[in-house]
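Single-structure report; data block below.
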Amino acid sequence: MAKKHQQNGWVANENSGVRIWLEGRNSQQEQLLTDLQHQLPAFAHIEHLTSQTQALENFADFQIKSSHHQGDYSAFVLPDISPCPDCIAELFNPNSRFYHYPFISCRQCGPRYSIMQQQPYDRQHTTMADFQPCSTCWHDYHAPENRRFHAQTIACEHCGPQLQLLNPQGELLHSQHNALLEAVKHLQQGGIIALKGIGGFQLLADATQEEAVQRLRDRKNRPAKPFALMLKDMKSIKAICAVNAIEQQALRSSASPIVLLNHLANRLITQTVAPNNTQLGVMLPSSPLHHLLAYYFAKPLVVTSGNRSHEPLCTDTQQALDQLADIADFFLSHNRKITHGLDDSVVRNINNQVVNLRRARGYVPLPISIDKKLNAALAVGGHSKNTIAISHGQQLILSQHLGDLNSLASQQYFQKTLTTLTDFYHTKPKILLHD
């Protein structure tokens, strides 16, 4: 926009938002600010915009400057965003350099909160700092006309995260695309796969094989509670569930949550998935890796949290090997670290509104606005299905769903999340709200 309206100066992330310095004709500056508010990128949001006149510094061009670390920390941090249509098209395009690369992303999609270590959202503040971009990715990152211009998660098969298929002993069996194809074979043969997703591990099984689903129930000690399903597209979902427009919109949203839907009478999945239940929890793929799995497997997949009963979600490969070796037959993992563990979110259509039943990946940590400013409050939530929250001015920031606090491991996870949340927003609670 600065080039279009012939403005010099700079733009930079700051903890409290974005600062822009413009030098050029006043009429073009006003048009740029008008365009900025009406042509925002997807997921961008302007809470308020203020401007003031400054002395000219006579900049020769317009630049993107390094982030500034001063002032209050922003309450607005983006959640993890499901792959955009452009990235999905490249993922399955044999002529694209991102063909079948399970960590493809751009400015408009990809992991955010799950990999952030501190604010603001710059690559060096995320776990992507472990991966140095190759020359081609570096070129795309600096090309204003490119969709990956300043995309902090930019990576390709030559420089980015890589897939690994491991056995329960942690031995490497296959890597990269072969790891994916072998994992699909094991699922087809009735095996259970522990998959490292966006916010943590998930346990996968063939939803059409009763023995595979029952084996997962027995190993996870989950005798009757329904399992969620992942299907490759809306056509596949409509073959097993009734879906209205509101539910379809939720399924296709950037959050890609699990949506509770009425189950149609058919034999496309085994009854063991959700025994004696008229509803199914169904989701579309939430990452490029999930899209590839759904494409190659081409049948409904059980997708459930990768944890032991009453314990937190596994986020680290070694942690998963230690805790899930007696549940999973193989581990499809990768070497991008997860900072914030996030379960899949669960929503339901109630009175023509999408209501969040479990708020995690895709929604956390988007703030909730309130009328009154709260002074550094902390709400610690309940013992069952716990979530904690902190105040940040006139915003409430909820943690991800933490689950029940029955076990020592869950209580330790609660303490860790409390520390992480207050450190991330540099908040020291002074008011405590509790049952």
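The values are calculated or read from the model by the stated rules, or taken from the named source; none is laboratory data. In this text, all values refer to a predicted model and were calculated from it rather than measured experimentally. For neighbour counting, all protein chains shown are included, and Cβ atoms are generated from backbone atoms with ideal geometry for every residue, glycine included. The area values use the complete protein model at the heavy-atom level, side chains included, leaving out ligands, DNA and RNA. Shrake-Rupley method; radii C 1.70, N 1.55, O 1.52, S 1.80 Å.
In region 29-67, of all residues being of a type in the set (Ser, Thr, Tyr) and assigned to a loop (DSSP other than H, G, I, E, B), the one that is farthest from VAL77 (Cα to Cα) corresponds to THR53.
The rows are residues; the columns are (1) at pLDDT below 95; (2) out of contact with any helix residue (DSSP H, G or I) (no Cβ under 8 Å at 6 or more places or on another chain).
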position: GLN318; (1), (2): no, yes
position: ASP326; (1), (2): no, no
position: LEU332; (1), (2): no, no
position: ARG336; (1), (2): no, no
position: ARG359; (1), (2): no, yes
position: ILE370; (1), (2): yes, yes
position: SER384; (1), (2): yes, yes
position: SER391; (1), (2): yes, yes
position: THR420; (1), (2): yes, yes
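Scanning region 397-416 for residues that are outside any helix (DSSP H, G or I) and either farther than 24 Å from ILE198 by Cα or free of Cβ contacts under 8 Å to residues at least 12 places away in the same chain (or both) yields a total of 2.
One line per residue, one yes/no per condition, for (1) surrounded by fewer than 21 Cβ atoms within 10 Å (Cβ to Cβ); (2) touching a strand residue (DSSP E or B) at 6+ places or on another chain (Cβ under 7 Å):
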| residue | (1), (2) |
| --- | --- |
| ALA328 | no, yes |
| ASP343 | no, yes |
| LEU366 | yes, no |
| SER369 | yes, yes |
| ALA376 | yes, yes |
| GLY381 | yes, no |
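When each of PHE149, PHE92, PHE103 is tested for being over 19 Å from the mean Cα position of the chain (by Cα) and either open to solvent by less than 60 Å² (accessible area, probe 1.4 Å) or acidic (Asp, Glu) (or both), the lone residue that passes is PHE149. For SER114, the conditions (1) modelled with pLDDT under 95; (2) of a type outside the set (Lys, Arg); (3) open to solvent by less than 10 Å² (accessible area, probe 1.4 Å) all hold with the exception of (1). Residues in region 5-38 that are without any contact (Cβ under 8 Å) to a residue 24 or more places away in the chain and either farther than 20 Å from LYS65 by Cα or in contact with a helix residue (DSSP H, G or I) (Cβ under 9 Å, 6 or more places away or on another chain) (or both): GLN6, ILE20, LEU22, GLY24, ARG25, ASN26, SER27, GLN28, GLU30, THR34, GLN37, HIS38.
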